[in-house]
Amino acid sequence: MMAAVFATALLAFVVAWRGHQRFASVCFLVSIALAVGLFLYEIYSPEYGFRMPWLQTLDNPMPWMARRG
Amino acid sequence: MPADDSTARLRLPPELNYAFLLLVLLGIAAILTAAMVLQYGSGELPCPLCLLERFAMFGICFGIIRNFRHGFSYRNTGYSLLCGIFLLVVAVRQTLLDIYPRPGHAYIGSAIFGLHMPVWSIVIALCVLIAYAVKLAVLGENASLRDTAIDAFPAFARLARVASLYLIALLAVNFVSVVIQCGLGECHTFSYRLLG
């Protein structure tokens, strides 16, 4: 998938350099779409989904908070 | 026949515009070159989100190179801003993933001035977005930007051509590197897939 992202980006650059503007735009937008899809895939966790529970310190008190209590 | 004062004033914004674009392009080319040097010189394999950050930096340059090659257009500015925002989103998410130490999650690679790559990516994205905002605020919408190609400034044109070709070559190297590291599947940071 990452190879596809870079391949379409490289194609967009080469095509843009050679003057085919519309095709270059299409390739570039495809590469962005692939990159966004890959980004969502990479950050998704089967356990947490897209949440980041390690940042929710209110529900998961820090050690020093537990000691204070 | 000497140019009158009004003509000289009209020529100033396109020069500033292309100088700005050239500066951004050279800055990003230097950053991406440093990333490749760290990868192959220090053996630091990039994580998937790091590779997406590299892609976003190349994307910022896509709009700039089109401006150099085929004349200035605000559409190309849009492409660059889109990738700048994508870079910021990816970098913030990666920083938040690693900001709290826990098993299996830590910043990858060495720190430069105390900051790791994802944090630097936030700084870079903010610099690009702020620079574009200031440029738009200062130069605004100006027909002379669109009507004046970079060829009107031969020194800029030569430098832009070399920098653009260097960046395309760097992207090709990155593509080959990604294929060697990830193959056609998922990327990992412990070894190059095609090198065993």
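A few points about this structure:
- Segment A:28-44, residues that are under 14 Å from residue B:76 (Cα atoms) and more than 7 Å from chain B (Cβ to nearest Cβ): A:29
- Condition check for residue B:83: at pLDDT 95 or above and either surrounded by 24 or more Cβ atoms within 10 Å (Cβ to Cβ) or at negative phi (or both): yes
- Checking B:126, B:88 one by one, the residue that is touching a residue at least 40 places away in the same chain (Cβ under 8 Å) and either over 30 Å from residue B:149 (Cβ atoms) or facing chain A (nearest Cβ under 10 Å) (or both) is B:88 and no other.
- Checked across segment B:35-44, the condition of being more than 13 Å from the chain's Cα centre (by Cα), part of a loop (DSSP other than H, G, I, E, B), within 11 Å of another protein chain (Cβ to nearest Cβ) and not aromatic (Phe, Trp, Tyr) holds for no residue.
- Qualifying residue in segment B:161-184 (condition: farther than 26 Å from residue B:52 by Cβ, of a type outside the set (Asp, Glu) and in contact (Cβ under 8 Å) with a residue 24 or more places away in the chain): yes
- Scanning segment B:186-196 for residues being farther than 17 Å from residue A:8 by Cβ and at the interface with another protein chain (Cβ under 10 Å from one of its Cβ atoms) gives a total of 1.
- Once segment B:94-113 is narrowed to residues that are out of contact with any helix residue (DSSP H, G or I) (no Cβ under 6 Å at 6 or more places or on another chain) and modelled with pLDDT of 85 or more, the residue that is farthest from the other protein chains (Cβ to nearest Cβ) is B:113.
The values are calculated or read from the model by the stated rules, or taken from the named source; none is laboratory data. What you are looking at is a predicted structure, and each value in this text was computed from that prediction instead of being measured. Heads up, the Cβs are rebuilt from the backbone with ideal geometry, glycines too, and the neighbour counts pull from every protein chain shown.
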